[in-house]
1. Check off (1) farther than 20 Å from Lys18 by Cβ; (2) out of contact with any Phe, Trp or Tyr (no Cβ under 8 Å at 6 or more places or on another chain); (3) β-branched (Val, Ile, Thr) for Ile95 and give me the number that stays unchecked.
2. Identify all residues within the stretch 2-33 that are in a loop (DSSP other than H, G, I, E, B), among the small types (Gly, Ala, Ser) and at pLDDT 95 or above; write none if there are none.
Amino acid sequence: MALELIKSFQVDHTTLKKGMYISRIDGDVTTYDLRFKVPNAGDYLDNAALHTIEHIVATYLRNSNQSEKIIYFGPMGCRTGFYFLSRNLEHNAAIELIKNAFSFVADFKGDIPGAAIAECGNYLNQDLVGAQREAVGYLEVLKSVTVESLEY
């Protein structure tokens, strides 16, 4: 079987910058690329901070007023960002929701959702301080994101 290169691997990672992008649209489902780090620059999301961001943001999104439009939020294997999938969510609403989610992470206090032994397969691998540092940095990136800038 010949394997075709998937769309996310067709993006030129030598020119990709931090930001929020539309990775693909499949019918009513939009996949967003939330790029925290410049690819192949030697600076990657720490695994524990990435894991904590995943727990908090996924929980936030599924508890938001847009919860019925949320499909998935999770990390990229390269540790340069996250994928966010939504259904029938306008791009401007997606941008606002992601800004709110990362503000929530930046200000988060308390127990990390889903970070107990019965709830997570690697529950000790969490770093709230690191997650908050990354969230604050990404909020700076999000300040310049517009619907027009969502294209790669």
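The values are calculated or read from the model by the stated rules, or taken from the named source; none is laboratory data. Because the structure is predicted, anything quoted here is derived from the model rather than measured. Cβ placement follows ideal geometry from the backbone for every residue including glycine, while neighbour counts extend to all protein chains displayed.
1. Only one criterion is unmet by Ile95, namely (1).
2. Scanning the stretch 2-33 gives a single hit, Gly27.
Residue-by-condition table, conditions (1) under 26 Å from Phe108 (Cβ atoms); (2) surrounded by 15 or more Cβ atoms within 10 Å (Cβ to Cβ):
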{"position": "Leu3", "(1), (2)": "no, no"}
{"position": "Leu16", "(1), (2)": "no, yes"}
{"position": "Tyr21", "(1), (2)": "yes, yes"}
{"position": "Thr31", "(1), (2)": "yes, yes"}
{"position": "Asn40", "(1), (2)": "no, no"}
{"position": "Val57", "(1), (2)": "yes, yes"}
{"position": "Tyr60", "(1), (2)": "yes, yes"}
{"position": "Lys69", "(1), (2)": "yes, yes"}
